[in-house]
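Data first, discussion second: the structure below is written as structure tokens.
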Amino acid sequence: MRCAVGTCSKADPGRVLHENMTIRPKILIMIALPLAVFFVSLFIGRLVIDPVTLIKVLGVKLLHLPIEKDWNQAVEIVVIRIRLPRAIMAMMVGAGLSISGAAFQGMFNNPLVSPYLLGVSSGAGFGAALGIILGAGAGLIQVSSFGFGILAVVLTYLTSRVYKTTPLLMLVLSGVIVSSLFMSLISLIKFVADPDEKLPTIVFWIMGSFGSTRLEDLFLTFWPMAIGVTGLLMVRWRINLMSMGDREAKAMGTRVELLKGIIIFCTTLISAAAVSVCGIIGWVGLVIPHICRMWVGPDHRALLPTTIMVGASYLLVIDNIARTLTSSEIPLGILTSIIGAPFFAYLLRRSKGIFN
Amino acid sequence: MKTVDRTHTWSACILAVFLVIWGVSPTRAADTSKTRIVIDNAGRRVEIPLTVNRIACLPGPSYEMVFMLGGKDQICQVRKDHKRAYPLANLTNPALKGYSSSLSNINPKARINIEEFIKLAPDVVIYYNVPHALKKFREARIPVYVYQPAKQTLDLDEIIEDQKRSFRSLADLIGGTAPGQAEKWCAYYEEVVSLIRSRTRDIPDTRRPRTYVGNSWGTNPLATWGDLAHTFSIHLCGGICVTKDIKGPRFPEVNLEQLIAWNPDVIIMDNHGREPDTLIRNIYEDSNWSVMSAVTNKRIHRIPSGVFFLDKGSSRPVYLLWLAKQLCPERFGDINMVQRIQYFFKTFYHFDLSEEDAGHALRGWDLLKG
Amino acid sequence: MNASNTMICIENAAFAYGRQMVWQDLNLEVRKGDLMCLLGANGCGKTTLLNCLHGDLRLASGQISIEGTPIHTLPALDIARTIGVVFQEYATSFPYTVLDVVLMGRGPHLSMFSSPTREDRDIALSCLKNLGVLKLRDKKFTRISGGEKQLVLIARTLCQKPRIILMDEPTASLDFKNQALVLGMIRKLTDLGLTIIMTSHFPNHALLCADRVALMNDHTLVDSGDTRTIMTESNLKKTYDIDVRILSVNDPPNQEMIKFCMPSIRPDDLGDFSKDVC
């Protein structure tokens, strides 16, 4: 072992990117982009707030500056307790789904793979639908959703296990099986749900929203996300080897089964946490890794940190649109595909295909 | 060549089977001389037997409407929630528990099992406007009365006209004393509306309390209503609905920031969920909501309980009185809601509601106790 | 023969996919510094044997020892540090740069959770330099020529610092010039003291550069040993089931006789075409 676990992977993104001097401006953009989007997000919303007041509120609340309070309590609540947590949540989910997508695409050596491949979204959707139909509270729905999301992936993993190995094809097929099982369970719940009341709630939940994000929720979501993202960042170079296929990765000294286990564990933690707070948000985990690959290349050492930054910025922009465009919330799932799909098509055509 | 022959043979067999089934399928052709026509909610002409003895009530308010019109003994099927979700329904009609609900509690978009309906042999089915189901009923020759509140409405009067039309045509369908009951109800409805209107007409928009209606079904009070019925009712009762411009799904979600920007003076929480009281308590305890004047002034109100939801079906006049009293207490101080609700139950449900139960209903009738 | 000089020893080995036997009674010894060429017809199990040699597949019976230790007792990581493999296909959809591809060879020397350091990068660069493809370092692997790809993959294997290299048809789908270039490079690798086993479809490649040859047919080894003694017309006929001529010519630059072989084509023996064809 060259260095202690974690230490060199932390020092790494800089080092790897330094190799090529032309990448340096990219690092700057990568750091500036999410910060800028985050800052701007705090200034926009349905309640019109004077920018100077807003900066004062931020100064007092975040930096504890001694400024005399001359604003309405509503401004403080909107900025600190509504916009801020929601922006952070959107960034966490965007970053998490994107890095999970990139890790899965690498592991399965297939750029068409999404983080929901192994059934986490349908499991989590079922968990939420079950909670909704049983009349559970918001917290319980979230826990049930998270739990069933994990359960679905565990089922997929166990189904695909053959002689102590989990061939990728088996994983994909088991994922399809488990997904469709939970999807039909969701349909069953929708079928028995009260058509006037419960059904729209389930449908709306599944389409996704950050509408009810609270400051306190952030910590619940933060831990699984942080563990998952850290794990993926630590193995990100190994994903390069993994993308050469099991046999080659093994020949180059990779403990393939352990690595698969780590990647699946981390992506599942992330995507189950994401789905449980904001429903099934499609496209992000598929498109962002592609866009990042066009930008910094396929090397997962650079790609994974980039997806975090770009994914966080992207979903935050989308969520800003969702919460400000009309007086009612636009479900995120709809926006990510309405905006994501044509944008992706444009990029694909402009780059004339990413590969070769 | 041989396969072609075989195919022909098979087709012939299948055709023969169909013809036989066609020939023996139960028909009501013999009854045609003893039928009459009613026009349903969707404007369809429905051919029904001269006397209707078996009515299947499936859409939400249909049981309450038929019950109010005096047709409770003609009901042969209700929806599961009709039997268990509304304590006042059981109180006013003890026989309700014994009604069959074997075919119900289904998603109207789901496929219906037509054989079950044939077995049930209703004289008429009150059903949602779902084309694939209507087609099946037509093929099985079961008359369907479509219950469908008008979707595109321009103003309150249009909604009221539509509701009166519904009750009159449904009364036609039930027959007997029902048409008289319907007329009595229409008159009462008009009387209530004009009473309220006379007291709220002159309030300028700027002085009307800004009102938000929360849908209590889910756990999220930020889900509201996308239809215009609430907007019109609130306007009639002297308020102004903050979500009036939302044109979206049935239950659009707004965000808390938007609600703070609207800063409603009154929040009406509907009675649909299991625990609207918990929802209201949570709102009072949530510091994020504390900046709204509805919260600081303790003006979050739960819609009272009815035989069906009070704001739907025939109990709408009572709901409107209650709403007007909540929105403009100073203008409706003389209205005694206990007496009003007792009067309505006596006149239209033929039920003596005790003062205690009336109060109970006004407080939303804790569903868990019921 | 000195026992400590034996790098790979295969004893009574048999392999089967399920109930389908691939080969059996296979005995072979590879000494340190040997360049051994494995010849045999399509589907005779050459690649399978290579995959058994780096522990990816397990024998049905018999034993493979690497430097005296049975391979199934070796941890996978030790195998990866001892044996490098040049696979026939580059199977990823991602267009990594040449340097990224070569760096992957550092896999056995890094922990699961670490990335290559500057030192690893220098090793990768020197491997590229040794194979004369340093200038390709920032090119996309998918955009370089077949010969260059093969050299880069060999560089990646060198980067692993193995003592044994297995190559699966390193000259497949290369043009005439690149075949010579790659074979020359492989020959040079033995100067580093590496033991190399490669498979090939061209007996000439064995004659051109291999010290030792193993011939496979009929589910076992036909024969194995020094190239000069093993590559006979009769052995090749046993291997490929066709008549082969071996010729010798003088090769002035190397000042020695070189041998090469040609199959003899006899269309008459192949039967008549059906008249429908034309």
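Which of the residues that make up the range B:344-353 are open to solvent by 50 Å² or more (accessible area, probe 1.4 Å) and more than 21 Å from the chain's Cα centre (by Cα)?
Listed by number, the list holds a single entry, B:Asp352.
State yes or no: is C:Leu77 more than 17 Å from C:Gln24 (Cα to Cα), open to solvent by 50 Å² or more (accessible area, probe 1.4 Å), within 13 Å of chain A (Cβ to nearest Cβ) and in contact (Cβ under 8 Å) with a residue 24 or more places away in the chain?
When the stated conditions are applied, C:Leu77 passes them.
Filter the range C:149-165 for residues that are of a type in the set (A, V, I, L, M), in contact with a strand residue (DSSP E or B) (Cβ under 7 Å, 6 or more places away or on another chain) and open to solvent by less than 10 Å² (accessible area, probe 1.4 Å); which is farthest from the other protein chains (Cβ to nearest Cβ)?
C:Ile154
Against the conditions (1) crowded, with 24+ Cβ neighbours inside 10 Å; (2) not in a helix (DSSP H, G or I), where does B:Asp227 fall short? Just the number, please.
Of (1) crowded, with 24+ Cβ neighbours inside 10 Å; (2) not in a helix (DSSP H, G or I), only one is false for B:Asp227: (1).
Please indicate, with yes or no, whether at least one residue in the range C:166-188 is among the hydrophobic types (A, V, I, L, M, F, W, C), under 30 Å from C:Gln20 (Cβ atoms) and within 14 Å of chain A (Cβ to nearest Cβ).
yes
Report, by residue number, each residue of the range B:225-239 that is of a type in the set (Gly, Ala, Ser) and away from every other protein chain (no Cβ under 12 Å). Quick ask: steps written out before the conclusion?
Taking the range B:225-239 first, the residues of a type in the set (Gly, Ala, Ser) are B:226, B:229, B:233, B:238-239.
If the condition is that a residue be of a type in the set (Gly, Ala, Ser) and away from every other protein chain (no Cβ under 12 Å), then B:Ala229, B:Ser233, B:Gly238, B:Gly239 are the ones that fit.
Return the residues of the range A:207-238 that are within 14 Å of chain C (Cβ to nearest Cβ) and part of a loop (DSSP other than H, G, I, E, B); say none if nothing qualifies.
Selection gives A:Val235 alone.
Sort out which residues of the range B:211-221 are without any contact (Cβ under 8 Å) to a residue 60 or more places away in the chain and open to solvent by 10 Å² or more (accessible area, probe 1.4 Å), and write them in order of number.
Hits for the range B:211-221 are B:Trp217, B:Gly218, B:Asn220.
Please indicate, with yes or no, whether at least one residue in the range A:71-90 is touching a residue at least 24 places away in the same chain (Cβ under 8 Å), more than 14 Å from chain B (Cβ to nearest Cβ), surrounded by 22 or more Cβ atoms within 10 Å (Cβ to Cβ) and within 23 Å of A:Thr267 (Cα to Cα).
No, there is no match, as no residue in the range A:71-90 is touching a residue at least 24 places away in the same chain (Cβ under 8 Å), more than 14 Å from chain B (Cβ to nearest Cβ), surrounded by 22 or more Cβ atoms within 10 Å (Cβ to Cβ) and within 23 Å of A:Thr267 (Cα to Cα).
The rows are residues; the columns are (1) over 20 Å from B:Ile303 (Cα atoms); (2) modelled with pLDDT of 85 or more; (3) within 14 Å of chain A (Cβ to nearest Cβ).
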{"position": "B:Pro209", "(1), (2), (3)": "no, yes, no"}
{"position": "B:Trp217", "(1), (2), (3)": "no, no, yes"}
{"position": "B:Ala223", "(1), (2), (3)": "no, no, yes"}
{"position": "B:Cys241", "(1), (2), (3)": "no, yes, yes"}
{"position": "B:Val254", "(1), (2), (3)": "yes, yes, yes"}
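Tally time: how many residues in the range C:56-66 are surrounded by fewer than 21 Cβ atoms within 10 Å (Cβ to Cβ) and under 17 Å from the mean Cα position of the chain (by Cα)?
2
If a residue counts only when it is touching a helix residue (DSSP H, G or I) at 6+ places or on another chain (Cβ under 8 Å) and either modelled with pLDDT of 90 or more or under 25 Å from A:Ile318 (Cα atoms) (or both), which helices (runs of 4 or more DSSP H) contained entirely in the range A:1-94 have at least 3 such residues?
Correct list: A:24-43, A:51-63, A:73-76.
Scan the range C:130-152 and give yes if some residue there is of a type in the set (A, V, I, L, M) and closer than 20 Å to C:Leu50 by Cβ, otherwise no.
The answer is yes; a qualifying residue exists.
How many of the residues making up the range A:95-122 are within 14 Å of chain C (Cβ to nearest Cβ) and in a loop (DSSP other than H, G, I, E, B)?
Qualifying residue count, the range A:95-122: 6.
All but one of (1) more than 7 Å from every other protein chain (Cβ to nearest Cβ); (2) among the small types (Gly, Ala, Ser); (3) on the phi < 0 side of the Ramachandran plot hold for C:Gly55; which doesn't?
Unmet condition: (3).
I'm trying to understand the selection: among the residues of the range C:249-273, which are exposed (fewer than 11 other Cβ atoms within 10 Å of the Cβ) and either among the hydrophobic types (A, V, I, L, M, F, W, C) or touching a Lys or Arg at 6+ places or on another chain (Cβ under 9 Å) (or both)?
C:Val249, C:Met257, C:Ser264, C:Ile265, C:Leu270, C:Phe273
So which residues in the range B:30-52 are open to solvent by less than 10 Å² (accessible area, probe 1.4 Å) and outside any loop (DSSP other than H, G, I, E, B)?
Once the filter is applied, which keeps residues that are open to solvent by less than 10 Å² (accessible area, probe 1.4 Å) and outside any loop (DSSP other than H, G, I, E, B), the range B:30-52 yields B:Val38, B:Val46, B:Ile48.
I need the full set of residues from the range B:230-246 which are open to solvent by less than 30 Å² (accessible area, probe 1.4 Å) and assigned to a loop (DSSP other than H, G, I, E, B), in order please.
B:Cys237, B:Gly238, B:Gly239, B:Val242, B:Thr243, B:Ile246
Residues are listed down the side, and each one gets a yes or a no for (1) aliphatic (A, V, I, L, M); (2) under 15 Å from C:Leu38 (Cα atoms); (3) in contact (Cβ under 8 Å) with a residue 40 or more places away in the chain:
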position	(1), (2), (3)
C:Leu215	yes, yes, yes
C:Asp241	no, no, yes
C:Lys259	no, no, yes
C:Pro267	no, no, no
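Within the range C:119-148, track down each residue that is buried (at least 22 other Cβ atoms within 10 Å of the Cβ) and under 22 Å from the mean Cα position of the chain (by Cα).
C:Ala124, C:Cys127, C:Leu128, C:Leu131, C:Val133, C:Phe141 - these are the residues of the range C:119-148 that are buried (at least 22 other Cβ atoms within 10 Å of the Cβ) and under 22 Å from the mean Cα position of the chain (by Cα).
For residues that are part of a loop (DSSP other than H, G, I, E, B) and open to solvent by 20 Å² or more (accessible area, probe 1.4 Å), scanning just the range B:53-76, find the one that is nearest to the other protein chains (Cβ to nearest Cβ).
Residues of the range B:53-76 part of a loop (DSSP other than H, G, I, E, B): B:53-54, B:58-61, B:69-71.
Then drop every residue that is not open to solvent by 20 Å² or more (accessible area, probe 1.4 Å), which leaves B:53-54, B:70.
Values: B:Asn53: 28, B:Arg54: 24, B:Gly70: 26 Å.
Selected residue: B:Arg54.
When you check C:Val102 against the structure, is it farther than 20 Å from A:Ala251 by Cα and either of a type in the set (D, E, K, R) or crowded, with 22+ Cβ neighbours inside 10 Å (or both), yes or no?
no
In the range C:225-239, how many are surrounded by fewer than 21 Cβ atoms within 10 Å (Cβ to Cβ) and under 26 Å from C:Ala60 (Cβ atoms)?
Going through the range C:225-239 one residue at a time, the tally reaches 2.
The values are calculated or read from the model by the stated rules, or taken from the named source; none is laboratory data. Just so you know, these numbers come straight off a predicted model, no measurement behind them. In this analysis, Cβ positions are derived from the backbone assuming ideal geometry, glycine residues included, and neighbour counts consider all displayed protein chains. When the accessible area is computed, the model is the full protein with side chains, heavy atoms only, and any ligands, DNA or RNA have been set aside. Shrake-Rupley method; radii C 1.70, N 1.55, O 1.52, S 1.80 Å.
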